[in-house]
Amino acid sequence: MLRVLVTGATSGVGRATVMHLVHKGYEVYALGRNTEALAQMREEKGITTFEVDLTDTRAVEQMLGSLEVDILVNNAGMMPPLGAFQNANPIDIERAIAVNFVAQVALTRLLVPGMCRRGEGHVFFTGSTAAHTAVANMAVYCATKSALSGFAQALRLDVADHGVRVTEIVAGRIETCLYRDTLTEDKRAALYAGGISVQPEHVADMISAVLDLPWSVNVSRFDIVPARQVALVG
C-alpha cells in the first residue's frame, strides 16, 4: 500500500486529495492545524492525522522524522493581504515566505532522501499561475510561488536518477478558502460567481491521474484553470 502525506489537508485541495486517495486505497497521512477537521478525518479508515504548524520546522521534524512516505503533496499555502508591496506589513511578508516556500523546502528535505534511498517516490507542489505572471498587489505571493516553481523544476533534475518524480501543479482560479482572510464575503462570492471555477476535487482527480501513470513517466508540470478564465491569475 502506497503511503502519501498531504499538507494543508483540512480544507480545499488538501482535503479533496486526502479523501480521493484514501478511497483509492492509499494510506494517507493528513497534516494540518484545524483540530476539528483533523478529528473528523480520523474517523475515516486509512487516514492518520498530524496537527502541527508547518512553519515550526523543529516540531515537524520531531513528528515526521521517522516517517516513510512514497508520495508527498506539498499543498499548504496562504495568501497575504492584497495591496501594494510598499505598504505591506513585514510580518505578513515573513509569514507568506515561511508558509509558501521555506516550510515546503524543509519538509521536502526531510522526506525526499528516504525516497531516493528506496529508489522511488513522487513529490507534488501546489503552485499557482501567479508564479508565471506579474500581478499588481500580489508581489510577495507571486514571488513565493515563483520560487516554489523554480525549486520544483530543479528538484526534479536532482532526483530523477533516483526514481523520484516531481510535479508542479499550476493552479488558476480554484474555489477554496485561499482568499478567506483577504477578501470580504461579497467579493469572494463575486470571484466565484457563475460556477465556472475549478473545484478542489478536480485537482485531486488530476493528482490521482498522474499517480496512475507508470513510474517511468513524469508529468513535470500541469496547468489547471477554468475553461473560461482568460486572465492567467484570478
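Which residue pairs have Cβ atoms closer than 9 Å, lie 6 or more positions apart in sequence or on different chains, and pair a first residue in region 83-111 that is farther than 26 Å from residue 6 by Cα with a second residue that is at pLDDT 95 or above and in a helix (DSSP H, G or I)?
Filtered contacts from region 83-111: 84/139; 85/93; 85/139; 85/140; 88/139; 88/140.
Return the residues of region 30-40 that are surrounded by fewer than 21 Cβ atoms within 10 Å (Cβ to Cβ), outside any loop (DSSP other than H, G, I, E, B) and under 18 Å from the mean Cα position of the chain (by Cα); say none if nothing qualifies.
Residues of region 30-40 that are surrounded by fewer than 21 Cβ atoms within 10 Å (Cβ to Cβ), as a first pass: 33-40.
Remaining after also requiring outside any loop (DSSP other than H, G, I, E, B): 35-40.
Of everything in region 30-40, those that are surrounded by fewer than 21 Cβ atoms within 10 Å (Cβ to Cβ), outside any loop (DSSP other than H, G, I, E, B) and under 18 Å from the mean Cα position of the chain (by Cα) turn out to be 37, 38.
Of all the residues that make up region 15-63, how many are closer than 20 Å to residue 103 by Cβ and among the hydrophobic types (A, V, I, L, M, F, W, C)?
Residues flagged as closer than 20 Å to residue 103 by Cβ and among the hydrophobic types (A, V, I, L, M, F, W, C) within region 15-63 amount to 12.
Restricted to region 105-130, and to residues that are surrounded by 23 or more Cβ atoms within 10 Å (Cβ to Cβ) and over 18 Å from residue 207 (Cα atoms), which residue is nearest to the chain's Cα centre (by Cα)?
Step by step, filter region 105-130, then rank; the result is 130.
Could we say that residue 176 is of a type in the set (S, T, N, Q), touching a Ser or Thr at 6+ places or on another chain (Cβ under 9 Å), modelled with pLDDT under 95 and crowded, with 16+ Cβ neighbours inside 10 Å here?
yes
If the Cβ limit is 6 Å and pairs must be 6+ apart or interchain, which residue in region 137-155 that is more than 11 Å from residue 167 (Cα to Cα) pairs with which residue that is surrounded by 19 or more Cβ atoms within 10 Å (Cβ to Cβ) and among the hydroxyl-bearing types (Ser, Thr, Tyr)?
Pairs found: 145/128.
Can you name every residue in region 30-48 that is in contact (Cβ under 8 Å) with a residue 12 or more places away in the chain and of a type in the set (A, V, I, L, M)?
30, 31, 37, 38, 41, 47
Identify, from the list 27, 51, the residue that is free of Cβ contacts under 8 Å to residues at least 40 places away in the same chain, surrounded by 15 or more Cβ atoms within 10 Å (Cβ to Cβ), of a type outside the set (Lys, Arg) and closer than 27 Å to residue 119 by Cβ.
Every option except 27 fails the conditions.
Of all residues in region 183-218 being within 21 Å of residue 10 (Cα to Cα) and β-branched (Val, Ile, Thr), which is modelled with the lowest pLDDT?
Looking at the filtered set, the residue picked out is 198.
On the given criteria, is residue 61 in a strand (DSSP E or B), charged (D, E, K, R) and without any contact (Cβ under 8 Å) to a residue 60 or more places away in the chain?
No; evaluated as a whole, the condition is false for this residue.
How many residues does region 54-67 hold that are surrounded by fewer than 16 Cβ atoms within 10 Å (Cβ to Cβ) and either touching a strand residue (DSSP E or B) at 6+ places or on another chain (Cβ under 9 Å) or of a type in the set (D, E, K, R) (or both)?
As a first pass, look at region 54-67 and keep what is surrounded by fewer than 16 Cβ atoms within 10 Å (Cβ to Cβ): 56, 58-59, 61-63, 65-67.
Next cut, either touching a strand residue (DSSP E or B) at 6+ places or on another chain (Cβ under 9 Å) or of a type in the set (D, E, K, R) (or both) only: 56, 58, 61, 63, 67.
Count: 5.
The values are calculated or read from the model by the stated rules, or taken from the named source; none is laboratory data. Since we're looking at a predicted model, the values are computed, not measured. Cβ sites come from the backbone with ideal geometry, for glycine too, and all protein chains shown count toward neighbours.
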